[in-house]
Every structure is written in C-alpha cells, then in structure tokens.
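Notes follow once the structure below has been shown.
FYI, it's all coordinate maths here, none of it is from the lab. Predicted model only: the values in this text are computed from it and were never measured. Cβ: placed from backbone, ideal geometry, glycine included. Neighbour counts: every protein chain shown.
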Amino acid sequence: MAVYTEVSDEELASFLATYDIGTVLSYKGIAEGVENTNYFLHTTAGTYIMTLYEKRVKESDLPFFIALMQHLAERGLNCPLPVSNRQGEALGWLAGRPAAICTFLDGIAVRRPSASHCGALGQALAKLHLAGQDFAMARPNALSLDGWPQLFAQAEAQADSVSAGLAERTRQELAFLKEAWPSGLPTGVIHADLFTDNVFFIGPEVSGLIDFYFACTDALAYDVAICLNAWCFEADGSFNLTKGRALLAGYQALRPLSADEIEALPIFCRGSAMRFMLTRLVDWLNVPPGALVKPKDPLEYDRKLGFHRHVRHAREYGLVA
C-alpha cells in the first residue's frame, strides 16, 4: 500500500462516474506498504479504499483476488468487499492501471502486538483457512520455492553491498530449502502476507483482515509460518516464545495441525523468511524514482533466517502438544 501512481481530479471523477457511491468529498494517498497504490476515498455515501494495482500484481490474477474476498465475506470473514460499478463489474481502469474500490473496515493495526493479539490473530488465520476450503478457484504461489531463484537473480550481484556475505548465505539457504521443502501437506487458500498492518483490531478482537493481493493456493501451515515470522519476533530480533505459543494455540483451537504439518513448521519458517528477505532485497535495491514509500529492511529477515536455522522442532516456536 503505497503511492506509485498519482490520480488527477479529472481522472477520479471520470472513474467514479460509473459507480453509485455518491459524490467525492476527499481522497488521500496511503503511504504505507510497498506493493500497490491505495487511496482513502471519502464520498457522500461513505468511506472506501481505492486500489490501483502495480508491480507484482498481474492483471490476470485480479479476478481470483476479487472472487476470494467476495467468497470469504459471504462466509462471515470480515474483509474488504469489492464494490461493483453500474455494469456489475468490480474491476476497472484508472490512470492507466487496473483499479478497484472496496469497502472500508473499522479498526486499527497494532504495531507492537501483545500475546493476546497473537492469539486472536491465530484464530483469525484458522477461520480464513476454514472459510476458504470450498473456494473453487486456485492460484499458484509465484513467490514460493520455484520463484525464489529468479528473485535472487535480480539482486545477487548487489546483495553484498547490503550486507557482507549475504549472497553466499542466500545461495546456501536456497540449496537447503530446495532439498528439504515439504510436500503432500493440507493445502488451500492462504493469505501469504498477513503482517500486522493487514490485521485490524477493535480492542482485543480482530475486526478485519485486509490486503489479499498475495493470496494463493499453498500449504496451510506455510501461512502459519509467515505469521510466526511477522508477529512473534521483537525489535531486538529475539523470538518471543509467549507470543508464538499464543498464536499457535489460537490457530489450533479451530484447526489443529497434523503431525506432518508440525514437523514441517521449522522448514516453512525458514522458507517464509527467505521469501520476505528476497522481496525486500529486490525492493531495497530498486525503489522507483519519486515513489512515496520507504523500502523495508531485508536484513530483518536475514536475521530471522539465522534464528530458524537452529530450530529443530515446532516446540521451539511455542507449540504445546
């Protein structure tokens, strides 16, 4: 969620003329995040989020994302609901980009989650996985094992300018993951990017999940690993076992992990750390000129990888048998 594409008043007026959402009162770019251009859109009918799709989001994938949000909302998961225009279409074009308008969710994202927040997040993730079980569409995860070498190729030559030895550490880790990557585990719709800024809370309760534009079909336990990485490390790089225990207990209260998923969790944690280290590294080295966005530190996930390399069992993440 960043501002890569500026939208003029005239372009916005023409775009909104195809919708029945009232008259524009204000709109403002959202600077957080790194993937798409987002605007707060306030009209006489209410508040919305308007997204222009950039970078890694392929136009051919947009029907999957739109249908998924509609599916999850129909099954009671609180997520943005795409707004259709007068032609019944949820996708259009604005400022040369595919674009959509979605409903606005109340709540706030917590920057420093407590163990209680992690427990609620674990339950919300399980609800997402269960709600997506009967979703008919599928989308491969382009940012998983097969896609990492291509990502690394974009940054390999400059990796050591970010941190000494980063290129060799990454080569060795990619070789290990290629050999050790689990298969045959329960799969389904995963969010694949459920960081703290994509989860809203009202008080101690999750009020909504947003930003489904990396959602795909993959191992459900891999999504759990992404959340352990995103929610359970402290600012000093240490893993908070209490938060890990709360997250895993929250998830398992609704969807217990199988023995094979438990065994795979340390590898999935290494893999998800690799995924975010690589995408952050590419972004760090290739910030578009004039973009109102601050790239995220890839070395945060390099350090997390260092932690995961020494983990031998999911108990070390707080799993209680």
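Every pair of different Cα atoms in the stretch 9-103 enters the Kirkwood calculation, which places the hydrodynamic radius at 13.8 Å. Helix 241-254 axis versus longest C-alpha principal axis of the chain: approximately 70°, rounded to the nearest ten. Across the stretch 87-93, computed HN-Hα scalar couplings (Karplus, 6.51 cos²θ - 1.76 cosθ + 1.60, θ = phi - 60°) run 8, x, 9, 8, 10, x, 10 Hz from first to last residue, x flagging Gly and Pro.
Strictly over 27 Å apart at the Cα level, which of Lys28/Lys296; Lys28/Lys58; Lys127/Lys243; Lys58/Lys243; Lys28/Lys304; Lys28/Lys294 would you flag in this model? Among Lys28/Lys296; Lys28/Lys58; Lys127/Lys243; Lys58/Lys243; Lys28/Lys304; Lys28/Lys294, the Cα-Cα distance tops 27 Å for Lys58/Lys243; Lys28/Lys304.
Placing pseudo-labels 7 Å out from each Cα toward the beta carbon at Val287 and Ala45 gives an inter-label distance of 3.8 nm. Note on the stretch 120-269: Rg/Rh from Cα positions, Kirkwood definition for Rh, rounded to two decimals, is 0.98.
Across the stretch 9-103, the mean sequence separation of Cα contacts (distance under 8 Å, 6 or more residues apart), normalised by length, yields a relative contact order of 26 percent. Comparing Gly107, Gly271, Gly29 in a Gaussian network model of the chain, where Cα atoms under 10 Å apart are tied by springs, the biggest mean-square fluctuation is seen for Gly107. Relative to the dominant Cα principal axis of the chain, helix 166-180 is inclined by about 80°. Taking amide H positions as modeled 1.01 Å from N, with prolines and chain starts lacking one, the residues under 5 Å from Ser207 and 5 or more places away or on another chain are Phe200, Phe201, Ile202. Only helices enter this figure: runs of n ≥ 4 DSSP H residues, each worth -39500 (n - 2.57), summed and divided by the residues of the chain, yield -12500 deg cm²/dmol at 222 nm to the nearest 500. Simple rule: put +1 on each Lys or Arg Cβ and -1 on each Asp or Glu Cβ in the chain, find the dipole, and look at Ser258, Ala192, Ala138; the Cα lying farthest toward the positive end is Ser258.
Comparing Val199, Val57, Val189 in a Gaussian network model of the chain, where Cα atoms under 10 Å apart are tied by springs, the biggest mean-square fluctuation is seen for Val57. Shown here is the pair-distance distribution of the chain: with all Cα-Cα distances grouped in 10 Å bins from zero up to the longest one, the shares run 6, 26, 34, 24, 9, 1 percent. Around Glu173, what is the net charge, scoring Lys/Arg as +1 and Asp/Glu as -1 over all other residues with Cβ under 12 Å from its Cβ? So the environment of Glu173 carries a net charge of +4.
The C-alpha atoms of the chain define a longest principal axis, and helix 115-131 lies at about 70 degrees to it. Across the stretch 115-317, the relative contact order, built from alpha-carbon pairs under 8 Å that are at least six residues apart, equals 30 percent.
Which net charge results for the neighbourhood of Arg245, defined as the other residues with beta-carbon distances under 12 angstrom from its beta-carbon, given Lys and Arg at +1 and Asp and Glu at -1? Cβ neighbours under 12 Å give a net charge of +1. Would you mind checking the stretch 80-121 for residues with the amide N under 19 Å from a putative spin-label position 7 Å along Cα→C-beta of Thr18? Once the point is set 7 Å along Cα→Cβ of Thr18, 81-103 turn out to lie under 19 Å by backbone N, inside the stretch 80-121.
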